[in-house]
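**Q** Quick one: this structure, given as structure tokens, is what I'll be asking you about.
The values are calculated or read from the model by the stated rules, or taken from the named source; none is laboratory data. Note that the coordinates shown come from a computational prediction; the quantities given were computed from them, not determined experimentally. Note that we place each Cβ from the backbone using ideal geometry, even for glycine, and neighbour counts take in every protein chain shown. These accessible areas exclude ligands, DNA and RNA; they are computed on the full protein's heavy atoms, side chains included. Shrake-Rupley method; radii C 1.70, N 1.55, O 1.52, S 1.80 Å.
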Amino acid sequence: DPGVHMRILVVDDDAEILRLVALLLRSDGREVITASGPAEAKALSRERVFDLLLTDIDMEGSPVGITLASDLMASSPTLRVILMSGSGPRQGIPPTLPFLAKPFTRDELVKVVAEVFRNEPTAGATA
């Protein structure tokens with residue numbers, strides 16, 4: 001089953017959002033590591049390989065999530081990214097990156113994560 005063994009890095013400066021998102025994703029059997037900001041996320045990404053980055057856009061008073069995503073994708077070309085924000089749609093978000101508006105439901109989260117991996121070559125085709 002694609003995505004079951006995926007390792008997800010969730011980055012948000014809101015501890016409650018981190019806790020809830022991690023709980024929701026772990027309930028589907030995924031490995032979830034959390035970081036409270038870009039510096040911690042970059043350190044974690046140097047220690048291990050992640051399949052998915054789910055990051056808040058606005059942290060520490062600026063849209064550092066987009067820069068974080070760009071930096072991590074540059075060093076890990078297979079990394080998938082989902083951006084999230086409670087500030088609504090923003091200018092400057094690359095149109096190719098999935099976006100989750102906060103607050104979101106468990107179903108919305110699961111759907112976006114599944115869509116990101118739908119075109120994965122190892123998913124296997126079923127007729």
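**Q** Would you confirm, using the coordinates I've provided, whether residue 116 is touching a Lys or Arg at 6+ places or on another chain (Cβ under 9 Å) and open to solvent by 40 Å² or more (accessible area, probe 1.4 Å)? I'd like the intermediate steps shown before the answer.
**A** Values: touching a Lys or Arg at 6+ places or on another chain (Cβ under 9 Å): yes; open to solvent by 40 Å² or more (accessible area, probe 1.4 Å): no.
So residue 116 does not fit the description; no.
**Q** If residue 97 satisfies every condition in (1) open to solvent by 30 Å² or more (accessible area, probe 1.4 Å); (2) modelled with pLDDT under 90 but one, which is the exception?
**A** Answer for residue 97: the failing condition is (1).
**Q** Pick out the one residue from 74, 41 that is out of contact with any Lys or Arg (no Cβ under 8 Å at 6 or more places or on another chain), within 18 Å of residue 7 (Cβ to Cβ), part of a helix (DSSP H, G or I) and not polar (S, T, N, Q). First the steps, then the outcome.
**A** Working: 74 fails: within 18 Å of residue 7 (Cβ to Cβ).
Going through 74, 41 in turn, the sole match is 41.
**Q** Filter the range 44-62 down to the residues that are among the charged types (D, E, K, R) and not in a helix (DSSP H, G or I), then identify the one that is surrounded by the fewest Cβ atoms within 10 Å (Cβ to Cβ).
**A** Step one: filter the range 44-62 for residues among the charged types (D, E, K, R), giving 46-48, 51, 56, 58, 60.
Retained after the next criterion (residues that are not in a helix (DSSP H, G or I)): 48, 51, 56, 58, 60.
Numbers: 48: 10, 51: 19, 56: 25, 58: 17, 60: 12.
Restricting to residues being among the charged types (D, E, K, R) and not in a helix (DSSP H, G or I), the top hit is 48.
**Q** Identify the residue in the range 68-86 that is among the polar types (S, T, N, Q) and surrounded by 12 or more Cβ atoms within 10 Å (Cβ to Cβ) and, among all such residues, is modelled with the lowest pLDDT. Full working, then the answer.
**A** To start, the set of residues in the range 68-86 that are among the polar types (S, T, N, Q) comprises 70, 75-76, 78, 85.
From the residues that got through so far, the ones that are surrounded by 12 or more Cβ atoms within 10 Å (Cβ to Cβ) too are 70, 76, 85.
Numbers: 70: 93, 76: 92, 85: 89.
Across the range 68-86, the extreme among qualifying residues is 85.
**Q** What number goes with the only condition from (1) assigned to a loop (DSSP other than H, G, I, E, B); (2) at pLDDT 90 or above; (3) small (Gly, Ala, Ser) that residue 29 does not pass?
**A** (2)
**Q** With respect to the numbered conditions (1) among the small types (Gly, Ala, Ser); (2) surrounded by fewer than 16 Cβ atoms within 10 Å (Cβ to Cβ); (3) in a helix (DSSP H, G or I), which one is the sole condition not fulfilled by residue 65?
**A** (2)
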